[in-house]
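Q: My questions all concern the structure below.
The values are calculated or read from the model by the stated rules, or taken from the named source; none is laboratory data. Keep in mind it's a predicted model, so treat the numbers as computed, not measured. Cβ placement follows ideal geometry from the backbone for every residue including glycine, while neighbour counts extend to all protein chains displayed. Protein only, heavy atoms only, side chains kept; ligands, DNA and RNA dropped before computing areas. Shrake-Rupley method; radii C 1.70, N 1.55, O 1.52, S 1.80 Å.
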Amino acid sequence: MEWLVSMPKVEVHAHLNGSIRDSTLLELAKALGEKGVIDFSEVEHVVLKNDRSLAEVFKLFDLIHILTTDHMTVTRITKEVIEDFASENVVYLELRTTPKRNDSIGMTKRSYMEAVVKGLKADSSVDVVFTPYAEDARSLVNSLPTNDGYNGKTRKKIYVRLLLSIDRRETTAAAMETVMLALEMRHLGVVGIDLSGNPLVGEWATYVPALKFARDLGLHITLHCGEVPNRPEVQAMLDFLPQRIGHAIFFEEEDWRKLKSSKIPVEICLTSNIRTLSVPSLDVHHFADLYNAKHPLVLCTDDSGVFSTSVSNEYKIATSTFGLGKREIFELAKSAAEFIFADDGVKEDLRKIFDSAVKNLGL
Ligand code: 6MZ
């Protein structure tokens, strides 16, 4: 595990409100409990519970959003989530979040996102590089730690880019508002759009106009695809040719064929799929088949807080379940840099970071 933690890693499927520390959630719940807004004893039990079905996970998100959706808290959790990923040597993080409107506290989708960006800028123990590469003078590779590799003592640095999520509960107009916001925030590190939310809710056709518009204007698209059985939707999503998809669980033979020939990279979330009972056990997880077919893959956490995991832990599970050696794990981690949504300058930096880590990792 220590070796996996010390290895540089890329994370591209992490939901902000799913990645909050338990201690922070409990602290927020206690404060709201004292104000009489919620019943803390009930919330504590829900927050600390480990195994939940997919349906229960979405109920938990509704609760988490009650705890987190004010500007100050959004800024705080963003800062903490970045610190947590950086502390385990994630060198590039694509963080996704659903811009939220809450009239009762004067929150608009824009002010929600401004609070997120404030979290990126917040004075923290980590150097966060989030503006587009050409504008950023602080390329990570120019300031690589020289003495102790990624093992700690030097101040951590992390590239962060943002994806704005469209929640499947939203209307076409609301989805379009999110895309417009993403376009306006490109100079602040927004690189794409994600479609997520409860897969049992909503229709693919609702989101297509906004997704097409986003793509036409140069935003990258990733879709939660096949999280529940829904054949027509899986087919339509694959035909849309997004730049990446998340999960890819309930696929039929023909869908696997189409996916493999399209080479659309898949964000694999092992712990999440097991915890939500979407995949019955790791030994039948589609990671193995896709990995053997040399399909582009990125191991991701999905919701590190909700599922009590970390990127290093996801690699550990891949190692122990699928028998990958250190070299194979390293190559898997390194290849993830090819599927990020940031520009080529960042990709080039990441390649150098991985190459320079080889010696320290004893490879
Ligand atoms: C689909 C998910 C998800 O956006 O408020 N989300 N959507 N499948 C999943 N698999 C378990 N995990 C998280 O983060 C929380 C939101 O991300 C989406 C849901 O819409 C959830 O409300 P943000 O930061």
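Q: What percentages make up the Cα-Cα pair-distance distribution of the chain when the bins are 10 Å wide from 0?
A: Binned Cα distances yield the sequence 5, 25, 36, 26, 8, 0.
Q: Using mean Cβ contacts within 10 Å as the protection proxy, how do 79-85, 210-216 order, highest first?
A: 79-85, 210-216
Q: Radius of gyration and Dmax for region 53-106's Cα atoms, expressed in Å?
A: Final numbers for Rg and Dmax: 13.4, 39 Å.
Q: Protein chains only, probe 1.4 Å: how do T309, T171 rank by accessible area, largest first?
A: Correct descending sequence by accessible area is T171, T309.
Q: Could you give the semi-axes, largest first, of the ellipsoid that matches region 14-63, computed as the square roots of 5 times the alpha carbon gyration tensor eigenvalues and rounded to whole Å?
A: Its equivalent ellipsoid spans semi-axes of 19, 13, 10 Å.
Q: Next question. Normalise the Cα radius of gyration of region 163-278 by 2.2 N^0.38 Å (N = residues in it) and let me know the number.
A: Rounded to two decimals, the normalised Rg is 1.04.
Q: What share of Cα pairs, in percent, lie more than 19 angstrom apart in region 273-329?
A: Beyond 19 Å sits 26 percent of the P(r) for region 273-329.
Q: Oh, and also: Rounded to whole Å, give me the distance from the Cα center of region 48-110 to that of region 256-287.
A: When both Cα centres are located, 24 Å separates them.
Q: Hey, what did the chain get for relative contact order, percent, Cα under 8 Å, at least 6 apart?
A: 22
Q: Tell me the carbon and sulfur percent of the accessible area for region 203-289, rounded to whole percent, probe radius 1.4 Å.
A: C and S fraction of accessible area: 55 percent.
Q: Report the FRET efficiency, 1/(1 + (r/R0)^6), for M1 and S111, where r is their Cβ-Cβ distance and R0 is 45 Å, rounded to 0.05.
A: 0.65
Q: Could you order the peptides 324-330, 179-185 from most to least packed, using the average number of other C-beta atoms within 10 Å per residue?
A: By packing density, highest mean first, the sequence is 179-185, 324-330.
Q: What accessible area per residue comes out for the chain, rounded to a whole number of Å², with a 1.4 Å probe?
A: For the chain, the per-residue accessible area is 41 Å².
Q: A further question follows. What percentage of the solvent-accessible surface of region 290-337, computed with a 1.4 Å probe over protein heavy atoms, is contributed by carbon and sulfur atoms?
A: Its accessible area is 50 percent carbon and sulfur atoms.
Q: Compute for region 1-96: radius of gyration divided by Kirkwood radius, i.e. Rg/Rh, restricted to C-alpha atoms, rounded to two decimals.
A: 1.01
Q: List, in the order given, every pair from K30/K118; K263/K326; K49/K260; K59/K263; K35/K156 whose Cα-Cα distance in the structure shown is over 32 Å.
A: In this structure, K49/K260; K59/K263; K35/K156 lie more than 32 Å apart at Cα.
Q: Normalised radius of gyration for region 242-297, please: alpha carbon Rg relative to 2.2 N^0.38 Å, two decimal places.
A: That works out to 1.06 for region 242-297.
Q: With springs only between Cα atoms under 10 Å, which of E267, E94, E338 fluctuates most in a Gaussian network model of the chain?
A: So, out of E267, E94, E338, the one fluctuating most is E338.
Q: Separate question: Can you tell me what share of the DSSP beta bridges in the chain is antiparallel? A percent to the nearest 5 is fine.
A: Restricted to the chain, the bridges split so that about 5 percent are antiparallel.
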